[in-house]
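K.L.:
Could you have a look at this structure, given as structure tokens, before my questions?
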């Protein structure tokens, strides 16, 4: 069933005080006000030297016959529906993670040139999944990855709960559809993760840059099966119910690993 976001003005204000939307507090005036922000308000947040701009996705724009990705690559125009949660949240991702967004656009254009504008390749599906529901996870302890490999959600989120609190696991949310679903406080969010292995102190900016470079070079997101499911609802502070052990024994978003399903190793966080 297709998800329909709540109407602006009907969103439970509590969702903005809880992860993942809590991490976007600097954009509170765009998210929480009674009125939809204008595209001018978004465009005012670009750096002065940015070549990309948000433009209204209307009949006049669509009449050019260009692919969405082609407008970005050739004109720097990001087609955006006004008064639309999905596109508003996509705009926030562009503003926070421009290098990641540009790397996906670069790869999408290469695949469109190879496949044509109508057919879609395995890399294109992988990139779309990541764009919509992706997270970037950095960890140091191989034991955490082993639990994740086996879908040992009880171990990963309850027995090793402290790892999510002390920085042993770090997460950056990139998928704008995840933020859209988070507007509904009852949603049990599940992300599609790229995993990086860090040694020592590696900050999020370094990992994001590493991820963008690897995507642009075709080293990541070559197939949707590279992406690991991660039930975000299990992370401390991301769902009100996960403070209780019972949540981690029976919650619906904790699915078992399919027979034969294997995951790639974590990607090095630094070159």
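Read-outs: derived from the displayed coordinates by stated rules, not from any lab. The structure presented is a predicted model; accordingly, all values stated were derived computationally and were not measured. Neighbour counts run over all protein chains shown; Cβ positions are idealised from the backbone, glycine included.
K.L.:
Taking the 0 to 90 degree range and rounding to the nearest ten, how far is the long axis of helix 204-216 tilted relative to the main principal axis of the chain, both from C-alpha atoms?
P.N.:
60
K.L.:
Relative to the longest principal axis of the chain, what angle (0 to 90°, nearest 10) does the C-alpha long axis of helix 85-96 take?
P.N.:
The helix 85-96 is inclined about 80 degrees to the chain.
K.L.:
Whole number please: convex hull volume per residue, Cα atoms of the chain, in Å³. Numbers along the way, then the final one.
P.N.:
On the way: hull volume 40.5 nm³, N = 271.
Here the figure is 150 Å³ per residue.
K.L.:
Determine the relative contact order of region 14-97: mean sequence separation of Cα pairs under 8 Å and six or more apart, normalised by residue count, in whole percent. Working shown, then result.
P.N.:
Working: 61 pairs, mean separation 20.8, N = 84.
Dividing the mean separation by the residue count of region 14-97 yields 25 percent.
K.L.:
Could you work out [θ]222 nm for the chain from helices alone, using -39500 (n - 2.57) per DSSP H run of at least four and dividing by all its residues? Round to the nearest 500 deg cm²/dmol.
P.N.:
Mean residue ellipticity, 222 nm, calculated: -9500 deg cm²/dmol.
K.L.:
Treating the angle as unsigned and between 0 and 90°, give the value, to the nearest 10°, between the Cα long axis of helix 122-133 and the longest Cα principal axis of the chain.
P.N.:
Value to nearest ten degrees: 80.
K.L.:
Further, regarding this structure: Taking a ≥ b ≥ c as the square roots of the Cα gyration tensor eigenvalues, with a/c under 1.5 meaning rounded and otherwise prolate when a/b beats b/c, else oblate, which class fits region 75-176?
P.N.:
prolate
K.L.:
So for each of 192-201, 132-141, 8-17 I average, over its residues, the number of other beta carbons within 10 Å; can you give me the resulting order with the highest mean first?
P.N.:
So the peptides 192-201, 132-141, 8-17, ranked by packing, come out 132-141, 192-201, 8-17.
K.L.:
Another question, then. Over the chain, calculate the relative contact order: mean separation of alpha carbon pairs under 8 Å at least 6 apart, over the residue count, as a percent.
P.N.:
Working: 359 pairs, mean separation 58.3, N = 271.
The value is 22 percent.
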